[in-house]
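The values are calculated or read from the model by the stated rules, or taken from the named source; none is laboratory data. Computed from a predicted model, the values in this text were never measured in an experiment. Virtual Cβ from ideal backbone geometry, glycine too; neighbours counted across all protein chains shown.
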Amino acid sequence: MNSSLLLAVLVAFGRPVGVPETQKAVFAGGCFWGVDAVFRHVQGVVGVVSGYAGGSAATAGYDMISTGTTGHAEAVEITFDPQQISYGKLLEIFFTVAHDPTQLNRQGPDVGTQYRSAIFFADTAQRQTAQGFIERLTRANAFAAPIVTEVVPLVAFYPAESYHQDYLAHHLTQPYIVYNDLPKLERLKDRFPTLFRP
């Protein structure tokens, strides 16, 4: 296919030239079970993987990161279609539904640096978008306490063990899930009804 024909096809199907079909975002906001579940129910998200970011490959395992000494945070890698949902909208969901960005090194009952709030950016555009979003929230006094979310470069993302993937869907009656994570899905449905995917 010659370049002019390729350009015509891309324009016809609405995808700007140079924009990849999917992009990735990596967020950490406490236990990855709830963050994972939230983004699995967002229109435009085509894949979610629970895992670890911030530490080395040698310590990217649940038992090791649970000590809080590895540098890792429990994180999720979100694959999304930028034609359906923007990185900025994912950030909005992350800050208003998926976790509390004012809790330092914890989320709810989970305490330790592995449960910190963090955005692991892949490029300059993601860094600028994340920092700008936090600045706007701060200026608007969106939260009663300061935002403590780290904005740091993504060095590597390591998928977690298979039993952590899509954990909520397989443990709907587990007390931790019922108390901590199912309410996040209700908030997503209430605050972003047009983006909620059952």
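Sub-7 Å Cβ pairs linking a first residue in the range 164-175 that is in contact (Cβ under 8 Å) with a residue 24 or more places away in the chain to a second residue that is among the acidic types (Asp, Glu) and part of a loop (DSSP other than H, G, I, E, B), at least 6 apart or interchain, number zero. For Arg106, the criteria (1) free of Cβ contacts under 8 Å to residues at least 60 places away in the same chain; (2) of a type in the set (Lys, Arg); (3) in contact with a helix residue (DSSP H, G or I) (Cβ under 8 Å, 6 or more places away or on another chain) hold in every case but one, which is (1). Of the residues that make up the range 43-52, is at least one touching a helix residue (DSSP H, G or I) at 6+ places or on another chain (Cβ under 7 Å), at pLDDT 95 or above and either loosely packed, with under 15 Cβ neighbours inside 10 Å or outside any strand (DSSP E or B) (or both)? The answer is no; no qualifying residue exists. Scanning the range 62-93 for residues that are out of contact with any Pro (no Cβ under 8 Å at 6 or more places or on another chain) and either acidic (Asp, Glu) or within 15 Å of Phe133 (Cα to Cα) (or both) yields Asp63, Glu74, Asp81, Ser86, Tyr87, Gly88, Lys89, Leu90, Leu91, Glu92, Ile93. Could you say whether any residue in the range 98-116 is assigned to a loop (DSSP other than H, G, I, E, B), surrounded by fewer than 19 Cβ atoms within 10 Å (Cβ to Cβ), under 14 Å from the mean Cα position of the chain (by Cα) and not hydrophobic (A, V, I, L, M, F, W, C)? Scanning the range 98-116 turns up at least one residue that is assigned to a loop (DSSP other than H, G, I, E, B), surrounded by fewer than 19 Cβ atoms within 10 Å (Cβ to Cβ), under 14 Å from the mean Cα position of the chain (by Cα) and not hydrophobic (A, V, I, L, M, F, W, C).
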